[in-house]
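One structure is given here, and the rest of the page talks about it.
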Amino acid sequence: MTFSNQKLSDIAISVPGAIKLFREYDLDYCCGGSVELASAAQAKNLDINEINTRLTELQNTPSEIDEPNWTETPFNELITYIITRFHDGHREQLPELLELAKKVEEVHADREDCPIGVAAELENIFADLSQHLMKEEQILFPMINAGNYMMATMPIRVMEMEHDEMGDQLEVLKSLTNNVTAPADACTSWRTLYSGIAHFIDELMLHTHTENNILFPRVRKAADVE
């Protein structure tokens, strides 16, 4: 089977393990989820046949993860999952990363490869993301839970634009950290910082995917039948 002409978002939803694979190849399945696999692979000079083979193996391998089918789960349950898994997680992790980044920049300021600017970028991300999460929790999600699907389509467009902006911020973060790769002689704090940043990026991309490719299309579909 070939996945070449399928959208990254559709593959991420339908093939267990595809998201982890896409992260390995640095393929944007959330904000860039509307792009077909072949085009995305070509843009990064990736071997499409290799990716197709690995996706086929994943599809034919029984999943050991028993998660709810978020494409059918009631909206209130999906929203609760998004808040507890992602919103609360980001709020807990980002302040810790920010303090660690300040420490690394201060201690290693004399090194040419010191990640100068990471703390400032994390601070910008935390400020913007905090506002974004608040708008979802106080405006968008209550609309959806109340069944006001047509009304919710406008703030959804705003959230999608902000997701694109966050994607740009993640690219800046990657550029400041050598694609989140610590130097060979990096200290424990430096390695811990980069490990935390990598985890944050993974979680934010999965968060965006869950909203852009699952929740929001479902709301729009519900609005069409109102």
Across the chain, how large is the tail of the calculated P(r) beyond 25 Å, expressed as a percent of all Cα pairs?
47
How big is D for the range 83-214, in µm² s⁻¹ as a whole number, if Stokes-Einstein is applied with the Kirkwood radius of its Cα pairs at 37 °C and 0.692 mPa s?
207
Can you give the three extents of the C-alpha atoms in the range 8-60 along their principal axes, from longest to shortest, in whole Å?
27, 22, 16
Using alpha carbons only, how many degrees (0 to 90, rounded to 10) separate the axis of helix 118-135 from the longest principal axis of the chain?
20
On a 0 to 90° scale, report how tilted helix 188-209 is relative to the longest principal axis of the chain, with both axes built from alpha carbons and the result rounded to the nearest 10.
20
Hey, what number do you get for the chain at 222 nm if only DSSP H runs of n ≥ 4 count, each worth -39500 (n - 2.57), divided across all residues, to the nearest 500?
-20000 deg cm²/dmol
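Could you calculate the FRET efficiency of THR80 with VAL158 from 1/(1 + (r/R0)^6), where r is the beta carbon distance between them and R0 is 22 Å, rounded to 0.05? Please list the in-between numbers first.
Values: r = 22 Å, r/R0 = 1.00.
Taking R0 as 22 Å, the efficiency between THR80 and VAL158 is 0.50.
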How tilted is helix 149-176 with respect to the longest principal axis of the chain? Cα atoms for both, answer in degrees (0 to 90, nearest 10).
20
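Hey, any idea what % of the chain's accessible area is carbon plus sulfur with a 1.4 Å probe? Each step should come with its number before you reach the end.
On the way: 6010 of 11880 Å².
About 51 percent, which is the carbon plus sulfur part of the accessible surface.
Enumerate by residue number the GluC sites (Glu not before Pro) in the range 112-197 meeting two conditions: DSSP loop (anything except H, G, I, E, B), and at most 16 other Cβ atoms within 10 Å of the site's Cβ. Provide the component values of the computation, followed by the final result.
On the way: sites: GLU112, GLU121, GLU123, GLU136, GLU137, GLU160, GLU162, GLU165, GLU171; in loops: GLU112.
When the GluC sites (Glu not before Pro) of the range 112-197 are filtered for loop state and at most 16 Cβ neighbours within 10 Å, GLU112 remain.
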If you filter the range 1-76 for GluC sites (Glu not before Pro), then keep DSSP loop positions with at most 16 other Cβ within 10 Å, what is left?
GLU64, GLU72
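Based on the alpha-carbon gyration tensor of the range 18-99, what equivalent-ellipsoid semi-axes (square roots of 5 times the eigenvalues) come out, in whole Å, largest first?
Working: eigenvalues 159, 78, 33 Å².
Sorted largest first and rounded, they come to 28, 20, 13 Å.
Calculate, for the chain, the solvent-accessible area per residue in square angstrom, rolling a 1.4 angstrom probe over the heavy atoms of the protein chains. Walk me through the numbers before you get to the answer.
Values: 11880 Å² over 226 residues.
Ligands and nucleic acids excluded, the result is 53 Å² per residue.
The values are calculated or read from the model by the stated rules, or taken from the named source; none is laboratory data. Here the structure is a predicted model, which is why all the values come from computation and not from measurement. All Cβ positions, even for glycine, are placed from backbone atoms using ideal geometry, and neighbour counts span all protein chains on display. These accessible areas exclude ligands, DNA and RNA; they are computed on the full protein's heavy atoms, side chains included. Shrake-Rupley method; radii C 1.70, N 1.55, O 1.52, S 1.80 Å.
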